[in-house]
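Each value in this text was obtained by applying a stated rule to the coordinates, not by laboratory testing. It should be emphasised that the depicted structure is a prediction, and the values quoted were computed from it without experimental measurement. Quick reminder, even Gly has a Cβ in these numbers, built from the backbone with ideal geometry, and neighbours come from all protein chains shown.
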Amino acid sequence: MSIKVIQVGEKILGKNEDKAAENKKRLDGRKILTVNIMSSPGAGKTSLILSTIKQLSKKYKIAVIEGDVASSVDAEKVNAVGAPVVQINTQGGCHLDAFMVEEGLDNLPLDKVDLLFIENVGNLICPNNYLLGEDIRLMIASLPEGDDKPYKYPAMFADSDVVILNKTDLQPYLDFKEKAFRQVVDGLNPDVIIFPVSCKTGVGMQEWFTWLEGKIKEKKG
Amino acid sequence: MHEASITESMLSLALEKAREAKAAKVTGINLVVGELAGVVPDCVQFYFDVISKNTMAEGARLNFEIKPTQIKCRKCGNVFTPADHKWECPKCGDSNVEIASGRECYMESIEVE
Ligand SMILES: Nc1nc2c(ncn2[C@@H]2O[C@H](COP(=O)(O)OP(=O)(O)O)[C@@H](O)[C@H]2O)c(=O)[nH]1
Ligand SMILES: [Mg+2]
Ligand SMILES: [Zn+2]
Ligand SMILES: [Zn+2]
């Protein structure tokens, strides 16, 4: 038997991208603004979701797909504030993919949703390589993680539309240099929008709410 | 864990291409992977050996071409290898840079019989 070389030249995650485009179409059809939230564990994904639901749920119907780790603690917290939530079992996996999100969409009352949050698995290495069907890719960096995170995870910062800089209430105890942080992030990603906030004290959150509301309205058309 | 998922996607793509070519056996898979892609070649080979059993890709050799991280200055176009924590362009000093290489994750070709 002779050996033959077959040229492929395809992304290994091409199938995921096709599925993500399908999810996006489905969400676009219902004018649901979808936000993929990524960060390291504990940076504040669930906190940001809960604060935002509390602020905007009188005006908009918000649903959540929870992908963060094994337990359903986060899903229960979201459920407690009255938003429809589906917990995705990633079976210990390190990221959500578009197929998992499709399953999540199958289990949500999509006709009654204006805004969908997807809480990704807490990890800065790979989730950004998996499109899910989102409109907005949001990452949370928190002050205790240090201002050199963009050097360690440049692709994550380059891929994000929004960076939430959380836990600013801890600034007095840390030597986080916001100016240095911003310089690298803006350099890597000139279009990025950075919101310094504290989910704990609420400082800076109004700017985020206002921006997000603008995006919901834009999507509604 | 990430390697397990990447390897599954990679194997299914290789099998699909081999079937399309009506091949009997996949003997090699040539991959291009960037340093920033979060993929450890040894882990991929390990998972591959497990999950390719009883498929026509069993025993295939994985070849990795690793692409180093390269940064490109958006101002002057200079391409350079970033030093730790210093990403300004060494030529013009600008910090407006993009990742030019290091994120690749694709299958270049397969070798079949
Ligand atoms: N000091 C402070 N703690 C916060 C802030 N936001 C979240 N936390 C705390 O950080 C921990 C992890 O938050 P969580 O939202 O669960 O993070 P997740 O793992 O990204 O979902 C919790 O104990 C939160 O109370 C903040 O702005 N300041
Ligand atoms: Mg959480
Ligand atoms: Zn992963
Ligand atoms: Zn330059």
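Please give the calculated 222 nm ellipticity per residue for chain A, where each DSSP H segment of at least 4 residues contributes -39500 (n - 2.57) and the sum is spread over every residue; nearest 500 deg cm²/dmol?
Estimated from H runs of four or more residues: -11000 deg cm²/dmol.
Can you find, among A:Asn128, A:Val69, A:Val35, the residue sitting farthest towards the positive end of the charge dipole of the stretch A:18-148, where Lys and Arg contribute +1 and Asp and Glu -1 at Cβ?
Positive-most Cα among the choices belongs to A:Val35.
Evaluate the Kirkwood expression for the hydrodynamic radius of the stretch A:163-206, namely the inverse of the mean inverse distance over all pairs of different C-alpha atoms, and round to one decimal in Å.
When all Cα pairs of the stretch A:163-206 are included, the Kirkwood radius is 11.1 Å.
Can you say what percent of the DSSP beta bridges in the stretch B:2-112, counting only those with both residues inside, are antiparallel? Round to 5. Spell out each step's value before the answer.
Details: 14 of 21 bridges.
Around 65 percent antiparallel, to the nearest 5.
Using Stokes-Einstein with the Kirkwood hydrodynamic radius over Cα pairs, what translational diffusion coefficient do you get for the stretch B:2-112 at 10 °C and a viscosity of 1.306 mPa s, in µm²/s rounded to a whole number? It would help to have the intermediate numbers written out before the result.
On the way: Rh = 15.6 Å.
Roughly 102 µm²/s, to the nearest whole number.
With θ taken as phi - 60° and the coefficients 6.51, -1.76 and 1.60, list the Karplus ³J(HN,Hα) couplings across the stretch B:102-112 in order, rounded to whole Hz; mark glycine and proline as x.
x, 9, 4, 7, 9, 9, 7, 7, 10, 10, 10
Could you give log10 I(q)/I(0) at q = 0.06 Å⁻¹ for the protein assembly as shown, computed by the Debye formula over C-alpha point scatterers of equal weight, without solvent?
Once normalised to I(0) and log-transformed, intensities are -0.24.
Among A:Ile216, A:Gln171, A:Met205, flag the residue with its Cα farthest along the positive direction of the charge dipole of the stretch A:110-216, charges on Cβ as +1 for Lys/Arg and -1 for Asp/Glu.
Checking the options against the dipole of the stretch A:110-216, the answer is A:Gln171.
Alpha carbon centre of the stretch A:114-193 versus the stretch B:14-79: separation in Å?
Taking the Cα centre of each part, the stretch A:114-193 and the stretch B:14-79 sit 28 Å apart.
From the Cα gyration tensor of the stretch A:96-174, with a ≥ b ≥ c the square roots of its eigenvalues, which class applies: rounded if a/c is under 1.5, or else prolate if a/b is larger than b/c, or else oblate?
prolate
Classify the stretch A:6-73 from the C-alpha gyration tensor, please: rounded if a/c falls under 1.5, else prolate or oblate depending on whether a/b exceeds b/c. All intermediate terms of the calculation are to be shown ahead of the outcome.
Numbers: a/c = 3.33, a/b = 1.59, b/c = 2.09.
Oblate shape, in that a/c is at least 1.5 and b/c is the bigger or equal ratio.
Which residues does the label zone of A:Lys112 cover in the stretch A:1-42, counting backbone N under 18 Å from a point 7 Å along Cα→Cβ?
Counting only backbone N, you get A:30-33.
Any idea what % of Cα-Cα pairs in the stretch A:29-111 are farther than 18 Å?
41 percent
Let me know the shape class of the stretch A:1-142, please: from the alpha-carbon gyration tensor, a ≥ b ≥ c as square roots of the eigenvalues, rounded when a/c is under 1.5, otherwise prolate if a/b is greater than b/c, or oblate.
prolate
For the stretch A:84-95, what does the Karplus curve 6.51 cos²θ - 1.76 cosθ + 1.60, with θ = phi - 60°, yield as ³J(HN,Hα) per residue in whole Hz, taken in order and with x for Gly and Pro?
x, 9, 10, 9, 9, 8, 8, 6, x, x, 9, 7
Per DSSP H run of n ≥ 4, the term is -39500 (n - 2.57); total these for chain B, divide by its residue number, and report the mean residue ellipticity at 222 nm rounded to 500 deg cm²/dmol. Walk me through the intermediate numbers first.
Numbers: 2 runs with 30 residues, N = 113.
Estimated from H runs of four or more residues: -8500 deg cm²/dmol.
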